[in-house]
Every structure is written in structure tokens, then in C-alpha cells.
Amino acid sequence: MENCIVLPDICKPAISKLAICKFGWQLMFLLCFADWNMSSSLVYAQLPTAELHTLSRSVVQLGSKFDLSLQGSRLEEADQLLISDLMGNPIDAQVSARMAPSAPLQDWRTTTGTFDVLLGPDTQAGMVEVRCRGRFGLGNPRRLLLTDVPVIQPATGHNHLNTALAVASEQLIHDRTLAQGSNFYRLTVQPGQVLRCVVYSQQLWSAANLRLRLRNGKGQLLVTSQSMGAWPAEIQWPHAGSEVQDYILEINDLLARGGAALDYVMESRIDSLPAPDTNHPSLPKMYLDTLLRPSLDAIPNTAAWLSPSGAACLPANASDYTAIPAQPITQFPVRLRGSLPESSRIDIEAQAGQVLTFDVASAKLEQLTDPALVIYKLPSDPASDATGLAPIVDQDDRPFLGTPAVRLRQIDPQLTWSAPETGRYRLQLLDNQSGVRPNDARGFLLEIRPANPSFSLIAHWAFPTNNVALSKPIGCQIQRLGTQQIHVTAVRHDGFSEPIELHVEGLPPGTLCANSRIPAGASEAVLNIQAAADATDGHSAIQVVGTARIADQDHHVSAVPATITAAASPVYNTITTARTGKLELAVQSLDLAPVQVQAGNAAVIEVKPNTKIQLPIQLLRQPGSAAECTLRPQSLPAKVTLGEVKVPGDQTQVSPELSVAGDAAPGEYTFWLQC
């Protein structure tokens, strides 16, 4: 059984952080050094939660009834299926759960994990999210692509050239890669036609890293392509022969993996070649490209929804961005767009001491780039030679934010800069990425603005484990007297460093959440939600809101919800994450939390430097919860020590000694104990 114990109430100040463990209990204290004070209260255990790993199908056609089966952990009693758009709004759908036959002498029936679904007539094509709810709470979201065109989900057996599956033009194929094997598809092309194919995986939250090969009818390899991040594997091949030709498409995973978690959607299309004398010849756009292809003009339909870091720092609508002018820019703010490396040089005029922020959006919008920013001082005479300039400042990747569970890459530079003197300056955007990429995969948006301190927030459910690197997709439930924890990461902009107060809105009846705080200059905090003893069943979408004082005014920012989409594995040792439409909390009233642990007596204890104090801990055990607990301190402040503590299974009280050195820095701190 997995359990977690958290601190629900913090007296002073309003900071609530959480520690989670697996196969045991855990405890957390709050230290506040103004004169060093500590507040403490009850902590609780939480039962395991539903984990939705994959869906039986990730692509379906609108207007048709379809069945959807769930695969994961603790889904055996899931009896509700919830579908919402990427903003978290519910989608109209008729859903019924298939029930298992009743067993002898059994007066109840269990679900099979399969649902029959018919979407409402007004539902639009695009991506939606699916969650389930049942005995073990609300499952984590999974992606489902809705299309206007037919979707074929072939059976097995097309894993050899001789058994290639015949497919038609403009038909979508939803399939899965094979371990140590390939899938094969056959298309017939007439003289004067061109064969095109695109294959997407990442937008489906698939782990597949695709390789697409085109072979002639004899099996000879003609061309190869592979997917890169959110970009598809794609091929365009004009048939130059004078006779009808069969072509074979081969798809496999680059790491030779296969299974339900490695699915993809493929579109093949055969068109007539444009006449040689046609001005600006073009071919019809691939249907999947209109739905899934990353684009600076598609915010937030595609790219912005893939990356939590990108979603938390979205630029304004791309239509507000214009081409880079030939003349120096003198008025700010200004929003520009271009492509690396062709249109990456911008000249500006700045006054001495003028503070500007250069904010680049490219990699976080799923472009295949790694931008770097360099500023040069231009000669005062515009006619002078501007070659051989020495850089005065540069900015490349910024530090990672978050935890190993939801780790935010900050590849795009963001630089707040003060002009050392009045004059002309040149901003150069470089691209550290190399290799062959699609022509439309190197775009960027650039905003140059007077420094405007602000912040963004990203929030996700914390996975109950004592090793964050083992986090995996998980849903959310809270039982009576139980708790759930939300991890919040702050992304600070333009030099903003003030504290951020956090609270939760939209909690279900019978639950509460103590406010928390991200200290000045820090980027992490945890919110702890607690259910009352009389909490009733229900669920609701909740919103994490941060408030900070900026320019003598309170600024309120809603957190971008994120989710883990896949755990790390020996083959791919990275936890993958994505933005999701909402954080939704389910309350389950059937069970009572098995353990309560009280730290202290709810009073605030002042702790001064060069002091040792006893921390009273009391375990309130439900029947069956007697076991030795080993408490290990985590995240202790510098110059504060606390040894490992053991609580025998037949005991309910312990008082470990905490030592504070004389040179410990005053401030507010949180640490926790892991068992």
C-alpha cells in the first residue's frame, strides 16, 4: 500500500509544504526564523489512486459510436468517463460503462474498464482529454484526437513486406509500433502522382520515436524520415515512372520498442503533380498537419499545450508579431517574428540606463531550435564598418526549474539588460541546434519590452513516493481525513524576486487547503488539501492562484495545470510531462485515513540560533496500522541538524532533538521527515 502524510494546517506564517513517501509514512515541520519559530499540526495518510496509462484508441472519428477501454492500475471499479477540451471544459457525450456479469451469490456487478461513447453533434475536431472515475478516485488525463475523416485501427499481421496492409489515400491509420519489428502499409501510385505521408506520435502522449521508410514494390529502400519531438516523420515522393507502381511504407520505433504506450496516427495522400508551368505550385495540406503540426500561428492549439514550461510563458497571439524592420527600432515594446538563422539580426537604439527585456519564444513552442542571444555595441556613425564587433552581453540556456517529476527546460533566452550608454546596439539570435529540420521548424517570436517584473505558475499533483525520480502518471482522490498535495513551480520574469502567496479556489465541499507561500527568490512550494471527517463524494476542477505585490499593486496569476504523461524507463530515462486542461479533485467518502500523526501541539514554537529543541510527535493509529516507522529528515536548512528517528510499532510518541547552529541564517524554512 502506498501512503503519504502531510501537514494540513500551518498557523504562522501561511506556508504549507509537503513530503511524500512510498510504503510508509512521512511527517513534515515548518520552521520560521524571524526569531526562529515552528508551527505544527496533524498529518495524515492517503490510500492509493487510479493510474490511467493508455487508452485502447487515441484517434476516433466524430459522428460514430466507439468503445474505449482503459489500461492502467486500480481501474477495476472505474464507472465514469469524463471528456473535456484542452481548456478543461466538459465535452457533450453519451457514455455508458460495460458491466461484468454477476458472479454466483453476488448482488453487485463490477465494471470491465470499457465504455461505449457517442460524442455530441456539436463537438469539433481536435484534441480532447479523457479521465475516468471510480473506487480509487479520478484518473490522470489521457489524450484523444477527434477527426472528421475515417480512422482505421488495423489488426495485427502487417509486420512483413509480404503482408503489408493496403491503405487508401486520405485515410487515417491509428496503430502501435512493434517490439523488435515494423508495420508495413501498401499504396498504389499512378504516373504523374506524388505520394505523401505524415506520422505523428507525441501529440497523442505516445512514447514512440518514429522512423518512417519508403520502399518500392520490391522492398528497395528509397527514403527515410524520423519524428523529432512534436514534429512528424514525413515523406514526399513523386512517382516519375510511366507505369503504376506499388510503394511500401514501413514504420517502427527507433529504440525497437512496442506496445500500447507507443501508438501513432498516420495519414497518406496521393495527389496529381502540379503542371510544370504552374506559378507557385502547391499541394493540398495534409489533414493531420492542420490539427497537429506545431506552428507559431497555432497558439494554443498545438505546441503550447505540449510543454508545461512553454504553456506557462505563452507569448501574446502570434498575429501581434511582425517582421523584423530594416531600420533600427527606437520605440518599445515591440514584437517581432522570424526564422533562425536567416532573420535573426535586429538593430535597436537605447538610452543610457534604459532597462529592456529580450524575451525569445521558440523551443518552448516546439520549434526544433536552441536559441542563444548576443548583444553588440554598434559604432556611433551608421556609415562605419559594423564587422568584427565584440559582444557586450550574451544569454543562452537558463537553469532548469521544478523537480525531476516535472522539470522545466528553459532553452529560450530571456535577458533583462540595462544599456551602458546611449547609442545603437545589435541583437543577434544564434541557433545552437544543427542537423536537418523541416523548413517551418526554426521559427521564433521575440518581444523587446521595458522591464516588467512578473511571474507565471505551473501546478501538478505530487506523486506519492520518497524518490521523486520514480514519479509516474497518477490521478487524484482524497478520502475522509485524507490529504492530497499540489506541487507549484514559479517562473520569474524580468527580475521579479518577491514572495508569492498561494491559495486554491474551487475546492469540493468538505475540503480545505491552507495557504502556502513561495519565499522571495525561490521557485517551489507545496499546497496541502485536507478532507474533513464528514466529507461527501464529489469532484470539481480546482485552480491554484498566486498573488504578489508588484509596483504597489497586488497581481493575481492562475497556475497552468500540468501532468506526468509517462514515467522514466531503463530505455528512456526521462519523465515526460505536458500541460493539461485542469486539475480536478475527487472526494471519496467510503474510507477513513488509517493514520494520523500530530507534530507538536499546534502552538508556534520560537527557535533561536544556537538552540536545541525537542519536537513532540504523536501517532494516532487506526487498527492494523502498527508498524515501526523510521523518520528521516529531508530538506533541512543549512546549519540545522536532526538525526534519523525510529518509532517502534507499539509506540505512538517520540520527541527527536533538533539542533540549530549559532550562525544559522534567519528566515522562513520548511523541512520534512521521510519514513
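The values are calculated or read from the model by the stated rules, or taken from the named source; none is laboratory data. This structure is a prediction, so every number in the text was calculated from the model and none was measured. Methodologically, a virtual Cβ is constructed for each residue, glycine included, from the backbone with ideal geometry; neighbour enumeration extends over all protein chains shown. Please note that ligands, DNA and RNA were not included when accessible areas were found on the heavy atoms of the full protein model with its side chains. Shrake-Rupley method; radii C 1.70, N 1.55, O 1.52, S 1.80 Å.
Odds and ends about this structure:
- In region 432-457, of all residues being open to solvent by 40 Å² or more (accessible area, probe 1.4 Å) and outside any loop (DSSP other than H, G, I, E, B), the one that is modelled with the highest pLDDT corresponds to PRO450.
- Contact map, region 485-504: first residue of a type in the set (Phe, Trp, Tyr) and part of a loop (DSSP other than H, G, I, E, B), second residue at pLDDT 90 or above and open to solvent by less than 20 Å² (accessible area, probe 1.4 Å), Cβ cut-off under 8 Å, separation 6 or more or different chains; pairs are PHE496/PHE455; PHE496/ALA548; PHE496/ILE550.
- Consider region 121-151 and keep the residues that are open to solvent by less than 10 Å² (accessible area, probe 1.4 Å) and small (Gly, Ala, Ser). The one that is modelled with the lowest pLDDT is GLY137.
- Qualifying residue in region 233-250 (condition: at pLDDT 90 or above, closer than 18 Å to SER58 by Cβ and of a type in the set (S, T, N, Q)): no
- Reported count of residues in region 161-193, each being within 33 Å of the chain's Cα centre (by Cα), surrounded by fewer than 19 Cβ atoms within 10 Å (Cβ to Cβ) and part of a strand (DSSP E or B), is 1.
- Filtering region 329-340 to residues that are within 32 Å of the chain's Cα centre (by Cα) and open to solvent by 70 Å² or more (accessible area, probe 1.4 Å) leaves PRO333, ARG335.
- A Cβ distance below 7 Å, combined with a sequence gap of six or more or placement on separate chains, defines the contacts here; from region 376-398, residues that are basic (Lys, Arg) reach residues that are part of a strand (DSSP E or B) and modelled with pLDDT of 90 or more in the pairs LYS377/ILE392; LYS377/GLY423; LYS377/TYR425; ARG398/GLN414.
- When residues of region 194-216 are limited to those that are open to solvent by 40 Å² or more (accessible area, probe 1.4 Å) and not basic (Lys, Arg), the one farthest from TRP237 (Cα to Cα): ALA207
- Enumeration of residues in region 524-552 that are buried (at least 19 other Cβ atoms within 10 Å of the Cβ) and either polar (S, T, N, Q) or closer than 16 Å to CYS476 by Cα (or both): VAL526, LEU527, ASN528, ILE529, GLN530, ALA531, ALA535, HIS539, ILE542, VAL544
- Of all residues in region 626-658, exactly one satisfies the criterion of being hydroxyl-bearing (Ser, Thr, Tyr) and in contact with a Gly (Cβ under 9 Å, 6 or more places away or on another chain), namely THR630.
- Some residue of region 476-485 being closer than 30 Å to ALA233 by Cα and either in contact with a Phe, Trp or Tyr (Cβ under 6 Å, 6 or more places away or on another chain) or open to solvent by 40 Å² or more (accessible area, probe 1.4 Å) (or both): no
- Residues that are over 19 Å from ALA593 (Cα atoms) and among the hydroxyl-bearing types (Ser, Thr, Tyr), drawn from region 610-663: THR611, THR630, SER635, THR641, SER655, SER659
- Strands (runs of 3 or more DSSP E) wholly inside region 1-99 that include at least 1 residues being open to solvent by less than 50 Å² (accessible area, probe 1.4 Å), within 30 Å of THR177 (Cα to Cα) and at pLDDT 55 or above: 51-55, 59-61, 66-73, 78-85, 93-99
- Taking every residue in region 570-595 that is touching a residue at least 60 places away in the same chain (Cβ under 8 Å) and pairing it with any residue that is outside any strand (DSSP E or B) and acidic (Asp, Glu), at least 6 positions away or on another chain, the pairs with Cβ-Cβ distances below 8 Å are VAL587/ASP537; GLN588/ASP537; SER589/ASP537.
- Restricting attention to region 631-645, the residues that are under 24 Å from VAL468 (Cβ atoms) and open to solvent by 50 Å² or more (accessible area, probe 1.4 Å) total 7.
- Considering the conditions (1) at pLDDT 95 or above; (2) part of a strand (DSSP E or B), ALA352 is excluded by exactly one of them, (2).
- Search result, residues across region 553-569 that are open to solvent by 50 Å² or more (accessible area, probe 1.4 Å) and either over 30 Å from LEU470 (Cβ atoms) or basic (Lys, Arg) (or both): GLN553, ASP554, HIS555, HIS556
- SER102 surrounded by 17 or more Cβ atoms within 10 Å (Cβ to Cβ), in a loop (DSSP other than H, G, I, E, B), at pLDDT below 95 and hydroxyl-bearing (Ser, Thr, Tyr): no
- Scanning region 248-272 for residues that are of a type in the set (A, V, I, L, M, F, W, C), in a strand (DSSP E or B) and open to solvent by 10 Å² or more (accessible area, probe 1.4 Å) yields a single hit, ILE270.
Results for (1) at pLDDT below 85; (2) open to solvent by less than 10 Å² (accessible area, probe 1.4 Å); (3) not in a loop (DSSP other than H, G, I, E, B), shown as yes or no for each residue.
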residue	(1), (2), (3)
ALA275	yes, no, no
HIS280	yes, no, no
ILE299	yes, no, no
ALA304	yes, yes, yes
SER319	yes, no, yes
ALA326	no, no, no
GLU342	yes, no, no
ILE348	no, yes, yes
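- Enumeration of residues in region 511-543 that are of a type in the set (Ser, Thr, Tyr) and either outside any strand (DSSP E or B) or without any contact (Cβ under 8 Å) to a residue 60 or more places away in the chain (or both): SER523, THR536, SER540
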